[in-house]
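Asks: Take a look at this one; I'll ask things after.
The values are calculated or read from the model by the stated rules, or taken from the named source; none is laboratory data. Owing to the predicted nature of the structure, the values given are computational and were not obtained by experimental measurement. Counting neighbours? That spans all protein chains shown, and the Cβs are built from the backbone with ideal geometry, glycine included.
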Amino acid sequence: MDPFSRTRLLLGSYAMEKLNNARVAVFGLGGVGGYVVEALARSGVGALDLIDHDTISPTNINRQILATVDTVGIGKAEAAKQRVLSINPQIKVNAIQKFYGPDTADEFDFSQYDYVVDAIDTVTGKLALVTAAQAAGTPIISSMGTGNKLDPTRFQIADISKTSVCPLARIMRKECAKRGIQHLKVLYSTEDPVPSDPSALTDEELPEGRRALPGSVAFVPSVAGLIIAGEVIKDMTSE
């Protein structure tokens, strides 16, 4: 029996064929990116490139679908590959444990992708990713900040020029304008960041050199990832 038959009932056979023939790259496999990968795999996308330099830690368990007690210490890219293949063994999966930024951008050929998802944390990496994808003519969607948020109903999809409230989106608007990037599809939240309580963490729980960390919960980045995956599926099947 076809595991994607229920999806085909809504999207149709032609759309499912397009998804099966599509190759999508997901950069960043944390709270947002992990759920993007999950939904793309369960939607019938035929090939996935999964890029992240990090390994799973116990502090990821509260919000990242790839993080369990059994995957702690495993590279996120490899953990994502294993999970994807357990969902659909027919998917072509390329797991790349690498930090994406200006120094590594030349190692990727963006013309081979049908869609790119930006779920990485750094502004320099995001800008390099957007620049490379747009230069190759490859559609891209970029996730803005999901930390210190508690209301998943406040997420919106918009062009970067139309965003508000989100501090990361504010920085990206400015930097995109500097680089002549006129349009960028993003997911962002209109919720004001919720102040976190530094006293809730012990000194041992703070990474060296950090005085604070953004707070995050299970039900916010997951929703962001699923919304982004929905946009990718919609865009790839709407032509």
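Asks: I need a count of the residues in the range 83-95 that are in contact (Cβ under 8 Å) with a residue 12 or more places away in the chain and over 15 Å from residue 20 (Cα atoms).
Replies: Residues in the range 83-95 being in contact (Cβ under 8 Å) with a residue 12 or more places away in the chain and over 15 Å from residue 20 (Cα atoms): 3 in total.
Asks: Also, I was wondering about something else. Could you tell me which residue of the range 57-92 is nearest to residue 233 (Cα to Cα), considering only residues that are under 16 Å from the mean Cα position of the chain (by Cα) and among the β-branched types (Val, Ile, Thr)?
Replies: 84
Asks: Ok, one more. Being closer than 15 Å to residue 28 by Cβ and in contact (Cβ under 8 Å) with a residue 12 or more places away in the chain is the filter here; which residues of the range 96-112 pass it? Before you say what the answer is, go through the steps one by one.
Replies: Within the range 96-112, the first condition is being closer than 15 Å to residue 28 by Cβ, and the residues that meet it are 96-101, 104-105, 108.
The answer is 96, 97, 98, 99, 100, 101, 105, 108.
Asks: Considering every residue within the range 10-24, establish whether at least one is closer than 24 Å to residue 131 by Cα and aromatic (Phe, Trp, Tyr).
Replies: no
Asks: Right, next: Out of everything in the range 135-152 that is of a type outside the set (A, V, I, L, M, F, W, C) and touching a Leu at 6+ places or on another chain (Cβ under 8 Å), what residue ends up being nearest to residue 102 (Cα to Cα)?
Replies: Ranking the qualifying residues of the range 135-152, first place goes to 142.
Asks: In the range 151-185, which residue that is farther than 21 Å from residue 230 by Cα and of a type in the set (A, V, I, L, M) is surrounded by the fewest Cβ atoms within 10 Å (Cβ to Cβ)?
Replies: 177
Asks: Let me ask something else about it. Give the residues of the range 197-221 that are assigned to a helix (DSSP H, G or I) and modelled with pLDDT under 85, sorted by residue number.
Replies: Within the range 197-221, 198, 199, 200, 203, 204, 205 meet the criteria.
Asks: Take the range 98-152 and flag every residue that is of a type in the set (Asp, Glu) and within 14 Å of the chain's Cα centre (by Cα).
Replies: Once the filter is applied, which keeps residues that are of a type in the set (Asp, Glu) and within 14 Å of the chain's Cα centre (by Cα), the range 98-152 yields 118, 121.
Asks: Sort through 131, 122, 153 and tell me the only one that's closer than 18 Å to residue 35 by Cα and of a type in the set (Ser, Thr, Tyr).
Replies: 153
Asks: While we're looking at this one, here's another question. For the range 1-16, name all the residues that are closer than 25 Å to residue 222 by Cβ and part of a loop (DSSP other than H, G, I, E, B).
Replies: Across the range 1-16, the qualifying residues are 3, 4.
Asks: Give the number of residues within the range 112-129 that are within 10 Å of residue 100 (Cβ to Cβ), buried (at least 24 other Cβ atoms within 10 Å of the Cβ) and of a type in the set (A, V, I, L, M).
Replies: Residues in the range 112-129 being within 10 Å of residue 100 (Cβ to Cβ), buried (at least 24 other Cβ atoms within 10 Å of the Cβ) and of a type in the set (A, V, I, L, M): 2 in total.
Asks: Does residue 124 qualify as being modelled with pLDDT under 95 and part of a helix (DSSP H, G or I)? Steps first, please.
Replies: On the way: modelled with pLDDT under 95: no; part of a helix (DSSP H, G or I): yes.
Judged against the criteria, residue 124 is not a match.
Asks: Only one of 92, 149, 81 is in contact with an Asp or Glu (Cβ under 8 Å, 6 or more places away or on another chain) and of a type in the set (Lys, Arg). Can you tell me which?
Replies: Working: 92 fails: in contact with an Asp or Glu (Cβ under 8 Å, 6 or more places away or on another chain); 81 fails: in contact with an Asp or Glu (Cβ under 8 Å, 6 or more places away or on another chain).
Among 92, 149, 81, only 149 is in contact with an Asp or Glu (Cβ under 8 Å, 6 or more places away or on another chain) and of a type in the set (Lys, Arg).
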